[in-house]
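These notes concern the structure reproduced below.
The values are calculated or read from the model by the stated rules, or taken from the named source; none is laboratory data. The structure displayed is predicted, hence computed values, not measured ones. Ideal geometry is used to build each Cβ from the backbone, glycine not excepted, and the neighbour counts take in all protein chains shown. In case anyone asks, the SASA skips ligands and DNA or RNA and just uses the protein heavy atoms, side chains included. Shrake-Rupley method; radii C 1.70, N 1.55, O 1.52, S 1.80 Å.
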Amino acid sequence: MGIIRTDKLAYEYIRRDEEGNPEGITRAIDGVSIDIVPGEFVAILGHNGSGKSTFAKHINSILHATEGTVWVDGKDVADPDNVWDVRQTAGMVFQNPDNQIIGQIVEEDVGFGPENMGVPTKEIWERVEESLKAVHMYKYKDKSPNKLSGGQKQRVSIAGVLAMHPKCIILDEPTAMLDPGGRKEVIRAVRALNQVENITVLLITHYMDEVIYADRVLVMDKGRIALQGTPKEVFSQVERLKELRLDVPQEILLARSLNEMGISIPENILGVKEMAQCIAQEYFG
Amino acid sequence: MSIIFNHVNYIYDADTKHSSYALKDINLQINKGEFIGIIGHTGSGKSTLTQLMNALLKPTDGEVYFEGVDINSNGYNKKELRSRVGLVFQYPEHQLFEADVFSDVCYGPKNLGLSKKEAELRAFEALRLVGMDNEYYYQSPFDLSGGQKRRVAIAGVLAMKPEVLILDEPTAGLDPKGRDEILDQITRLKKETGITIILVSHSMEDVAKYVDRLIVMNQGQIMYDDTPREVFKHAESLQESGLALPRVTYIMHELKKLGVPVDTKAITVEEAAMEIASLLRK
């Protein structure tokens, strides 16, 4: 059984008018079943309002399912006795770094989680050090978070989750507010956690270039999984992705244009380097 | 002539030993009716620049002129300036607060002292300009999608009938379709009203497609100020200053590194495909 598993998960909420009278029901999540194995890097793509964030909030019990079940590491998240275990197993990083940093200095912020869990003081400091090192922020440990860039703040947020020793980390559009440099820093840190520390990663985003290294991509639309597969399988479906309001990586579009001009290049190559190598091979013969 | 920056410096903590330049010796002229993009990495000074334009910040040195008058001179009417130079902040939907869309858009013009009727007429016009259908007018702004909320917030500024509209990262946090919709709408608005538009962004791909003139900020200074095509020619130094180029441009650079004699100036998929095809056919 996977570390995160959902079975026919559905979430409905009642829309109300100004006076609070019910107007109708919105089914934000509509029968999602997934199974994520330990160590996997899974990305969820989807346009605004597709249900991807709502889905993520069910995993550590921020929202409660209307129908269906969610298990984290075998524990049913609907059982109130499991909530704290679940949140420790599956840590969450949100979009806006300013909303999740509370400490006056970086190391204090990162130590907040383990301190709350009752970890002995000596071990807290060990955890703070290793977590900050994992996201390459250790040299900023004495700094005020206010003086950091967006990308750095977001890495501190990730370290704060890491210090709780989760098996799994869920990132809800962690780069939406960052510039290209900051986005790169954060994604690099996330990939390292997955590959080096073997932490299961669930990355929610609408930037397609952040997910080309994922093991599996799920595309959500209208609360359902509309498309899933390896990044190659998903991104080769250009028309379907456009229907789903998403971009297609330019390397796929480039291969397509070249094929239209009569030059045969595989249409499922992802990554700038990979694409350049493929074209170079064609050139040098 | 509408906005002029004359040797403007903006220094944080000016009189302390921690002082640092947010903007350094900015000289800039923004003409009536221009469609300008300002790009730069986080901390490059682009937001500071826009806040100086409507006197939310005061330059440490130098002057900012609007229509020939120094906006920081004594007795200058800053309230009037801010209705003529409208600034839409980042994540403007966070500033929506009224019970319905229509009242929210009326708030600005009412505050200007206009009659209820005049304010409502302006709200109708502004909502039309951002492409919001009347079915939404009496809905709570909080029930709208991210892209729609943002359009309502932009309408709130347009209802003040500004001569210059500054948009700070209008597409941040929107999905690709929402991003295209907002930018197309702004382009249409530009065509219809002839208003001066200044679009702040950190995405080259977004801005380059739409604007006539691109100002690149780097470490508090103007690095380039030219048409997008001319600016893109400086691929390497743009990359060094923390800006992302279109992915195809990176592919071209990578090809060159691998020894393929390719011209790296392509910025669209079509241009890159043509260039690669002509090489491979040889």
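What the table below lists for this structure:
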item	result
Checklist (1) closer than 28 Å to A:SER149 by Cα; (2) hydrophobic (A, V, I, L, M, F, W, C); (3) out of contact with any Asp or Glu (no Cβ under 7 Å at 6 or more places or on another chain) applied to B:ILE215, failing item	(3)
Within region B:5-19, considering residues that are open to solvent by less than 60 Å² (accessible area, probe 1.4 Å) and either free of Cβ contacts under 8 Å to residues at least 40 places away in the same chain or of a type in the set (Val, Ile, Thr) (or both), the one nearest to B:ILE30 (Cα to Cα)	B:VAL8
The lone exception for B:MET274 - which of (1) farther than 30 Å from A:ASN96 by Cα; (2) crowded, with 18+ Cβ neighbours inside 10 Å; (3) at the interface with another protein chain (Cβ under 9 Å from one of its Cβ atoms) it fails	(2)
Helices (runs of 4 or more DSSP H) fully within region A:150-261 counting 3 or more residues that are within 14 Å of chain B (Cβ to nearest Cβ)	A:150-162, A:180-196, A:238-243, A:250-260
Enumeration of residues in region A:72-106 that are in a helix (DSSP H, G or I), in contact (Cβ under 8 Å) with a residue 60 or more places away in the chain and out of contact with any helix residue (DSSP H, G or I) (no Cβ under 6 Å at 6 or more places or on another chain)	A:GLN88, A:THR89
Filter result for B:PRO261 (within 11 Å of chain A (Cβ to nearest Cβ) and more than 25 Å from A:TYR207 (Cα to Cα))	yes
Within region B:127-150, tally of residues that are more than 9 Å from chain A (Cβ to nearest Cβ), open to solvent by 10 Å² or more (accessible area, probe 1.4 Å) and more than 26 Å from A:GLU19 (Cβ to Cβ)	3
Condition met for A:GLY271 (touching a residue at least 24 places away in the same chain (Cβ under 8 Å), on the phi > 0 side of the Ramachandran plot and more than 9 Å from chain B (Cβ to nearest Cβ))	yes
Test: residue in region B:198-214 that is within 14 Å of chain A (Cβ to nearest Cβ) and open to solvent by 50 Å² or more (accessible area, probe 1.4 Å)	yes
Counted residues, region B:29-59 - those being crowded, with 17+ Cβ neighbours inside 10 Å and touching a strand residue (DSSP E or B) at 6+ places or on another chain (Cβ under 7 Å)	20
Selection count where residues are over 22 Å from B:ILE26 (Cβ atoms) and touching a residue at least 24 places away in the same chain (Cβ under 8 Å), scope region B:209-245	8
